[in-house]
Amino acid sequence: MELYYAKRKNSLLYYLVIFLFVFLAGGYSLFANNIIRPPSDEIATVDEEEIKVPEETKIEKKVFGQSQQGKNIEGYEIGSGKDSLLIFAAIHGNEMGTADLLNRLVLEISLDPDIVSQSKKLIIIPVANPDGYEDRTDKLNASGVNLNLNFATSLWEQYGPEGNYAGPAPFSESESRVIRDLVEQYKPKAMISFHAHGNLISPEAGEPSVALAKWYSARTGYEFYGGWDYSGTATKWFKEMTGNPAITVEISKDYQSDWEINKGALLELISSDNLPISS
Ligand SMILES: [Zn+2]
């Protein structure tokens, strides 16, 4: 019996193969005769204008203002959520690694814009002091002012003269006015100011800033440092004006980004719906 079924199975297979061969060969030749390839200029292509980036993940490169010497202060507005975050770097022009860090962040976002929370709007300025970044080797702007002492905090001082000159008056410099105007326009829920190199994180006074600094410290390994309280800084002015958290992040190198150290914290920060308030 087994042999009978085996033979019968074989013959059925044989007829099936013959049938398929005839069917496919005939079908192919019939079909092949009808294939007419159009000239290449008539081949339809996708109209690129139809490819739209979803509104909720928009990335806009913007000119936010000009430096003392008229250079553009460029940056990015990303997302359209209700909670703005203001993140800037290289307000001290020779701290170039910080600019690279924020450019890498924007690049990462451009590869996957949906990573930005729908509740967030990011204002990112990689180079807040373009005159210093391009033309100087110290941390000052073209007028010789330390911009991070030029904000109108309480107990403002001129400091100086070398390296720490805060300017003739609060907001005497166009670069610090650009940041002031962005705060008035976007009303950020937090400010993060990147500097180099200290390998630490310094919060402004008050629980929201301390909580954000500890959160960032826990994810990067940068030391939490609560000992700074200078008048004239962008973060102190922001905290006094808004009450919202403001931290200074000192990366570990002057000319390199520390991207791998900051990547996890930054991506978590921009993708979460709420600001971190505890570590
Ligand atoms: Zn600095």
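What follows draws every value from the coordinates through simple rules; no lab data is involved. Note that this is a predicted model, so its numbers are computed, not measured. All Cβ positions, even for glycine, are placed from backbone atoms using ideal geometry, and neighbour counts span all protein chains on display.
Rank-order 119-129, 152-162, 254-264, 99-109 by packing density, defined as the average count of other C-beta atoms within 10 Å over each peptide's residues, highest first.
Most protected by this proxy first, the peptides run 119-129, 99-109, 254-264, 152-162.
Within the range 123-144, whose backbone N sits under 20 Å from a point 7 Å along Cα→Cβ of V106?
123-136
Considering just Cα atoms, how many Å³ per residue does the convex hull of the range 56-271 enclose? Walk me through the intermediate numbers first.
Working: hull volume 22.4 nm³, N = 216.
Once divided by residue count, the hull of the range 56-271 is 104 Å³.
Considering only DSSP beta bridges whose two residues both sit in the range 56-271, what percent are antiparallel, to the nearest 5? If you can, show how the numbers build up before the last one.
On the way: 15 of 34 bridges.
DSSP beta bridges in the range 56-271 are roughly 45 percent antiparallel.
Give me the number: length gained by fully extending V63 to S272, i.e. 0.36 nm times residue separation minus the C-alpha to C-alpha distance, one decimal in nm. The partial results should precede the final answer.
Values: separation 209, 0.36 × 209 = 75.24 nm, distance 2.70 nm.
Separation in residues times 0.36 nm, less the Cα-Cα distance, equals 72.5 nm.
Applying 1/(1 + (r/R0)^6) with R0 = 45 Å to the Cβ-Cβ distance of Q185 and D254, what FRET efficiency is obtained, to the nearest 0.05? Write out the running numbers ahead of the final one.
Details: r = 31 Å, r/R0 = 0.69.
Efficiency at R0 = 45 Å is approximately 0.90.
Hey, got the dipole for the range 56-271? About the Cα centre, +1 on K and R Cβ, -1 on D and E Cβ, debye to the nearest 20? Each step should come with its number before you reach the end.
Numbers: 20 positive and 30 negative charges, 97 e Å.
Computed about the Cα centre, the dipole is about 460 debye.
Greater than 28 Å separation of Cα atoms is the criterion. Which listed pairs, K58/K236; K58/K189; K82/K263, meet it? Kindly include the intermediate steps, with their values, before the conclusion.
Values: K58/K236 30 Å; K58/K189 20 Å; K82/K263 23 Å.
Long pairs (Cα-Cα over 28 Å): K58/K236.
Note down the magnitude of the dipole of the range 61-180 about its Cα centre, charges +1 on Lys and Arg C-beta and -1 on Asp and Glu C-beta and zero elsewhere, to the nearest 20 debye. Spell out each step's value before the answer.
On the way: 11 positive and 16 negative charges, 80 e Å.
Here the range 61-180 has a charge dipole of around 380 debye.
Which links in K71/K253; K62/K253; K187/K239; K121/K253; K120/K239; K62/K120 stretch past 22 Å when you go from one Cα to the other? Don't jump to the answer; show the numbers that get you there.
On the way: K71/K253 26 Å; K62/K253 28 Å; K187/K239 12 Å; K121/K253 28 Å; K120/K239 20 Å; K62/K120 17 Å.
Pairs exceeding the cut-off: K71/K253; K62/K253; K121/K253.
So if I take the centroid of the Cα atoms in the range 107-126 and the same for the range 181-233, what is the distance between those two points in Å?
20 Å
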